[in-house]
1. Count charges around residue A:296 for me, please; just the other residues with Cβ under 10 Å from its Cβ, Lys/Arg as +1, Asp/Glu as -1.
2. Roughly how big is the range B:1-147's charge dipole about its Cα centre, with Cβ charges of +1 (Lys, Arg) and -1 (Asp, Glu), in debye to the nearest 20?
3. Can you give the Kirkwood hydrodynamic radius of the range B:32-109 from its Cα pairs, in Å with one decimal?
4. Enumerate cysteines in the protein assembly as shown without a disulfide-compatible partner, where compatibility requires another Cys Cβ under 4.7 angstrom.
5. Suppose only helical runs count, i.e. DSSP H with n ≥ 4. What mean residue ellipticity at 222 nm does that imply for the protein assembly as shown under -39500 (n - 2.57) per run, divided by all residues and rounded to the nearest 500 deg cm²/dmol?
6. Need one number: the % of Cα-Cα pairs in the range B:137-185 sitting beyond the 15 Å mark.
7. Express in % the proportion of alpha carbon pairs of the range A:276-375 at distances exceeding 17 Å.
8. Apply the membrane-span-like helix rule to chain B: whole DSSP H runs, Cα extent along the own long axis of at least 18 Å, mean Kyte-Doolittle hydropathy at least -1.0. List the helices found.
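Readers should treat all values here as calculations from the given coordinates under stated rules, not as data from a laboratory. These figures come from a predicted structure and were not determined experimentally. Virtual Cβ from ideal backbone geometry, glycine too; neighbours counted across all protein chains shown.
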Amino acid sequence: MNGMNGQSQGPAGEWPAAIRTAAAGTPAAAARFSVAAREALGDPRLRRDLRTATTEIRRRRAAATGEVDDWEHLRAAGQAIKDHTLLNLDTYLEEVDRSVTEAGATVHWARNAAEARDIVIGLVAATGQTEAVTMRSAAGAEIGLGEALGAAGIRVHGTESAELIERLERDRPAAGAAPAGDGAGELAAAARSSLSALFQTAKVGLSGANFIVADTGTVVVVESEGNGRMCGTLPQTLITVAGIEKIVPTWADLEVFLQLLPRAGAGERMTPYVSSWTGVTAGDGPGEFHLVLLDNGRTNALADEVGRAALRCIRCSACLDVCPVYERTGAGPYGPVYPGPIGAILTPQLRGVERPLEASLPYASTLCGACADVCPVRIDIPEILVRLRGQVIESRRRRPVPTPEMAMMRSAAWALGDAGRYETTLRQTARWARLLARGGRIRRLPGLLGKWTDARDLPAPPGQTFRAWWRARAAAAARVPRRPGPPPRAPG
Amino acid sequence: MSDAKREILHRVRAALGEARGTQVKIPRDYHYRLVGADVATRADVVALFSERLADSLATVRHVGADELGTAVAAALWGAGVRRLVVPADLPYGWLAELDGVQICADSAAAGVDALTEAAGVVTGCAVAIAQTCTIVLDGGRAQGRRALTLLPGYHLCVVHADQIVGSVPEAIERLDPYRPLTWISGAPAAARLEPGRTEGVRHGPRVLDVLVVDEAAPVRAG
């Protein structure tokens, strides 16, 4: 595993390194979350690394968000700006199209991942180049851009030095396997110079984006390592792939997001590098700039009036670090799109809930709500998880054979739908349950219900139901004449 | 209009339905400027900038306008820079005291090779932000193209006191979005000293020195 080096690499169109690596390596037809999580849970080193890293980042984030006394006001503003943008997305998309084009760049539209890959491959091919450098971007990983370019005969050089350093470390003789101090420094220097040489010869750069400003046509990249700076500055041609939800209406709106993202993301006052560019600039940076706007399921999420809040996400990764589930499983089990609580609500919305992984993600949560508390744009992740659980159940209604859960729920609906049926069921169930009990506790329920008692005992139901007791009490009261009760006792 | 564009816009409109075009009121009651008694004056803001910068990996020195040439020479001597590249429009006076340093004025036509041969670069800046310990370059006066401050290993940045603002909103207001912008912020030194983690190497200069010129400068960058 890639360990935790990336946790503090912070926001950007990039996820932390451990996440990125896991996401890139997961095949498209992924297993259910609970199945995939077993492997991660069986790796004690991963769990230890995750715990160390998430604990540290939580500490830093608390400090960074606690030191500004208008943090809650910034969150409210961030939420409102994103909500406003989403509800007027068609207007802002057209404005982006216009402003970016006016700035001397070309805008491309991609309905889905395949279309986006084809556009990028076509653009690279048109330059006549067979190599490109890239910064890691969530959108690039989402559409499988690296693999597609490779298959098209275009060599893509990833530029994350932490990954390169780890590769160099692995390749070293075993004697030097525990690098310390100087050894690590040498590796860092080697990585740096090798990457630097790569950048200076590359003619095509690929990037993601954190924000696209509609009124000016400006693209913003927020990052820790400077890969975006390199990709956006040195090559002759720059291709940026960004989801349509990255738009903010005005330049001034960045005054909110450039405070929210660094502090919520890596717990920094400001991320080490923020780059922005508007089209092309003569004599500075690429001569050609292409912006690929990606839908790929985002309009599905937009159609759900509750679920669309997930599109506010600015990819800060704060919800990952506070999630008790993520802290134990890491990114891998969440599948190829996005990890953590935000992934658990984004992936099913972007890709539908029909397949096993997507259907399992809304359940990959304890609904503790820590994610909603830290989210800088106040996405109510538990609310959307619950809503998606409902959609998963709904989608199963169409199956010819009902799931055991659904069969049970249907019987429950039948029994609860009528007072007489309810009382009979209650009486019968209590009687059978008391037969199963030993010493007031039921240790094992029969059949599928037994899964529930795998981890806990069930208290035996009382001999008399509340309704029966109430009736008996009412009958007794009717026999005894009513007397005034004792006066209320004085306190103390 | 391409098919894809038409279809995506159509999908967006269909997805929003009646909610489309709803104007959401944006509460902008966050602080526009720094608040607090310790940042009440310009001098306090400048002091905060220096203090936070000194806390990070950068070193910072305060100089008067008439000492700038000497301070630049001293900083370059201290960093051992013998080969220097500078933006073509760097004020001549900044380099007047240099001795034994080879100076190359950058031009876009020179490609990037000339930049990697240089050990260091001297620039001005457009805006600096005290609260976040940030220097913003916009390619304007005395800053040159972006690659200039990306490839050499040493960067000496001259910040005039009147370029320092307190907060991010103030910086956003001053900056021109149509220029290519690079924001460089120092991470607190303590945050980078943790065991058990592979520290990614940053691209860009390994060493950043900052000279804060205390008197109002005759020319403002940008």
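1. 0
2. The calculation lands at about 880 debye.
3. About 15.0 Å for the range B:32-109.
4. A:231, A:313, A:316, A:323, A:368, A:375, B:104, B:125, B:133, B:157
5. -13000 deg cm²/dmol
6. That fraction is 51 percent.
7. For the range A:276-375, the share of Cα pairs beyond 17 Å comes to 58 percent.
8. What comes out of the filter, once short or polar helices are dropped, is B:3-16, B:42-55.
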